[in-house]
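Single-structure report; data block below.
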Amino acid sequence: MNAKLLGVHVLVRENSYLLPRCLASVQAVADEIIVMDTGLLKETGRIATGFGARVHLFPWPDDSAAIRNAGLSLSGTAWALVLDADEMLLHTGAKRRLDWLADTSDTAFRVQIEHVMGAGRGHRIYSSGVRLFRAASGFRYEGIMYERLTAPPGDRQAAEALEQARLCPLTLVSGGR
């Protein structure tokens, strides 16, 4: 078993002012935090390293999937949890909340996402998506904007894992500046 269980991968474009909230929400559960910095804002690196994150500069190529894939290639953990800087993990309370990952045979999990519309206690919309998966599964992102996670070409088992991914007990909150 990999000694490092969970890596959190964060894409930062123009919203580094939300990065402290994002990183604080995952710091207690992540064995590794990788921040992919597009270089649009100079304070991103300083903020991220303050939370113990590894920061990698990846100039904005007008292709979010390319940046996400570059970040995944740097993973040194068994599992990857993928976030944007304007998202945060709903407080889990303790690292043991993720211990089940070490024993599961699943390859991928859907995560519930609570989208906060507007400032403060605005309207909320709920969705879910595959955001937690085995880092060595070969999954890749496709799509310039609104990228989606895909299985390696011809890997039917991986494609089925994505299609049949169960909902895990984690919740992300998106937005709510």
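The values are calculated or read from the model by the stated rules, or taken from the named source; none is laboratory data. Remember, it's a predicted structure, so these values are computed and weren't measured experimentally. Cβ placement follows ideal geometry from the backbone for every residue including glycine, while neighbour counts extend to all protein chains displayed.
Overview of values
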| read-out | value |
| --- | --- |
| Pairs with Cβ under 7 Å, 6+ apart, first in the range 145-164 and modelled with pLDDT under 95, second charged (D, E, K, R) and in a strand (DSSP E or B) | Arg148/Glu142 |
| Those residues of the range 16-34 which are buried (at least 20 other Cβ atoms within 10 Å of the Cβ) and part of a helix (DSSP H, G or I), in sequence order | Ser16, Leu19, Cys22, Leu23, Ser25, Val26 |
| Those residues of the range 1-56 which are among the β-branched types (Val, Ile, Thr) and within 15 Å of the chain's Cα centre (by Cα), in sequence order | Val8, Val10, Val12, Val26, Val29, Ile33, Ile34, Val35, Val55 |
| When residues of the range 35-82 are limited to those that are acidic (Asp, Glu) and in a loop (DSSP other than H, G, I, E, B), the one nearest to Leu132 (Cα to Cα) | Asp63 |
| Residue in the range 42-49 that is surrounded by fewer than 19 Cβ atoms within 10 Å (Cβ to Cβ), more than 17 Å from Gly71 (Cα to Cα) and either touching a strand residue (DSSP E or B) at 6+ places or on another chain (Cβ under 6 Å) or touching a residue at least 40 places away in the same chain (Cβ under 8 Å) (or both) present | no |
| Residues (at pLDDT below 95, surrounded by 14 or more Cβ atoms within 10 Å (Cβ to Cβ) and of a type in the set (D, E, K, R)) located in the range 98-123 | Glu114 |
| Flag if Asp86 is in contact with a Ser or Thr (Cβ under 9 Å, 6 or more places away or on another chain) and of a type in the set (Asp, Glu) | yes |
| Those residues of the range 141-156 which are of a type in the set (D, E, K, R) and under 13 Å from the mean Cα position of the chain (by Cα), in sequence order | Glu147, Arg148 |
| Test set (1) over 21 Å from Leu11 (Cα atoms); (2) modelled with pLDDT of 95 or more - Val82 fails condition number | (1) |
| Residues being over 17 Å from Ser64 (Cβ atoms) and touching a helix residue (DSSP H, G or I) at 6+ places or on another chain (Cβ under 8 Å) - total across the range 140-169 | 3 |
| All positions within the range 124-144 that are touching a residue at least 40 places away in the same chain (Cβ under 8 Å) and not in a loop (DSSP other than H, G, I, E, B) | Arg131, Leu132, Phe133, Arg134, Arg140, Tyr141, Glu142 |
| Check on Val111, touching a Lys or Arg at 6+ places or on another chain (Cβ under 7 Å), under 20 Å from Ser75 (Cα atoms), among the hydrophobic types (A, V, I, L, M, F, W, C) and not in a loop (DSSP other than H, G, I, E, B) | yes |
